[in-house]
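Below: the structure, in structure tokens.
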Amino acid sequence: MKKLVTLLFVCLLLTGCSRQAQATVYYMNTVMPLDIQGPDAEEALQAVNCLLRELENTWSATQGNSIPGRLNRGEDVALSEAEAALLDRLDALSQRTGGTFDPHLRSLSLAWGFCHEENQGEDFRLPTDAQIAAALADPQWDLGAALKGYAGQEAADLLDTMDIDRALLNLGGNIQTYGEKKDGTPWNVGIQNPDGGDYLGVLAVEGTASIVTSGDYQRYFEKDGVIYHHILDPETGYPADSGLRSVTVVCRDGMTADALSTALFVMGLGEAAEFWRGSDDFEAVFITDDGSIYATEGAALSGCEFEVIAR
Ligand code: AMP
Ligand code: MG
């Protein structure tokens, strides 16, 4: 049975002389509500839809004919300059984060049953230490921690070539904003409560940006009262046990935002704060195991109590 069903509910509205096009699509195992406004809204919506499909086919390791899929089978793949540059960027992000973001963890994710193959759903299991060691010794490309952020960025870059005023692209919790809101106020992005229910706070973001959250509640299973989630520590091979429930990163670059949200989750609050102090391209919000909220000093967080992480 084909697992990937693309839902495209297109809704076109006329707002003044400008146009608005909305749709909910399904790619990368994620429901993605898209909302685009501007004279080219309809064309842009179709173009973004095609782009997301193409990026999934090209870069999702679960697609057999994707570049990671073929590389993982040991095939010789003739990469274009841009494709090779993308893989180099991923490796550079891995280096920058001391390996806490590791785009080569597919064998490990499969060992834990966190996979979404065609015809094969998640099959959670507790791997043995030998299976974890074997998986860590078998690096296979998996862009799952960076692909949606990259896709949001590519979509924003595409919108930039069209007559578009603003857009809000929700790629499964990876939010990509484009342009300014009509009333000039910042975009407001809710920070999800890891335990469900209402948003814990609101992040205000100006202009075009990526807002990406990694959380232990996004994909997990429970065995004998223990929760095992999908963000894996490349050092131990186990789900990262860093004292964090979620990390939200705001960054002008989508792939960086996505890779960093995963990396900071693995690092834990202390190391992540130090990493932020040594960087100048992102802000972050952290929720810890005890429900405390921390935000770097440039993050415009409101609606909740939190501690500020200073430079
Ligand atoms: P994210 O939700 O962006 O944090 O990405 C998590 C997904 O990336 C997982 O479902 C795995 O496919 C993969 N992954 C898990 N742990 C890591 C890691 N430490 N570095 C890079 N990718 C990871
Ligand atoms: Mg990520």
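Each reported figure results from applying straightforward, stated rules to the coordinates on display, with no laboratory input. Every value quoted in this text rests on a predicted model; they were computed, and no experiment measured them. For neighbour counting, all protein chains shown are included, and Cβ atoms are generated from backbone atoms with ideal geometry for every residue, glycine included.
Loop-resident trypsin sites (Lys or Arg not before Pro) (DSSP state other than H, G, I, E or B) in region 143-214 with no more than 14 further Cβ atoms inside 10 Å of their Cβ: Lys182.
Quote the relative contact order of region 47-96 in percent (integer), defining contacts as alpha-carbon pairs under 8 Å separated by 6+ residues.
Numbers: 25 pairs, mean separation 7.5, N = 50.
Contact order relative to length: 15 percent.
Close Lys pairs in the chain, defined as Cα atoms under 26 Å apart and 8 or more places apart or on different chains, number 4. Each Cα pair under 8 Å and six or more residues apart adds its sequence gap; the mean of these over the residue count of the chain is a relative contact order of 14 percent. Here the calculated FRET efficiency for Glu222 and Glu274, from their Cβ-Cβ distance with R0 = 30 Å, stands at 0.40, rounded to the nearest 0.05. Separation of region 231-275 from region 147-189 is 23 Å, based on Cα centroids. Here the Karplus curve 6.51 cos²θ - 1.76 cosθ + 1.60, taken at θ = phi - 60°, turns the phi angles of region 129-134 into couplings of 4, 5, 5, 5, 4, 5 Hz, with x standing for Gly and Pro. A Förster radius of 41 Å combined with the Cβ-Cβ distance from Asp195 to Arg53 puts the calculated FRET efficiency at roughly 0.75. Distant-in-sequence amide contacts of Arg245, defined by a placed amide H-H separation under 5 Å and a gap of 5 or more residues or a different chain, comprise Ile287, Thr288, Asp289. Close amide H partners of Ala300, meaning residues 5 or more places away or on another chain with modelled amide H under 5 Å apart, are Ala204. So the label point goes 7 Å from the Cα of Asp138 along Cα→C-beta, right? Which residues of region 197-234 then have their backbone N under 19 Å from it? Hits in region 197-234 for Asp138 at 19 Å: 232-234.
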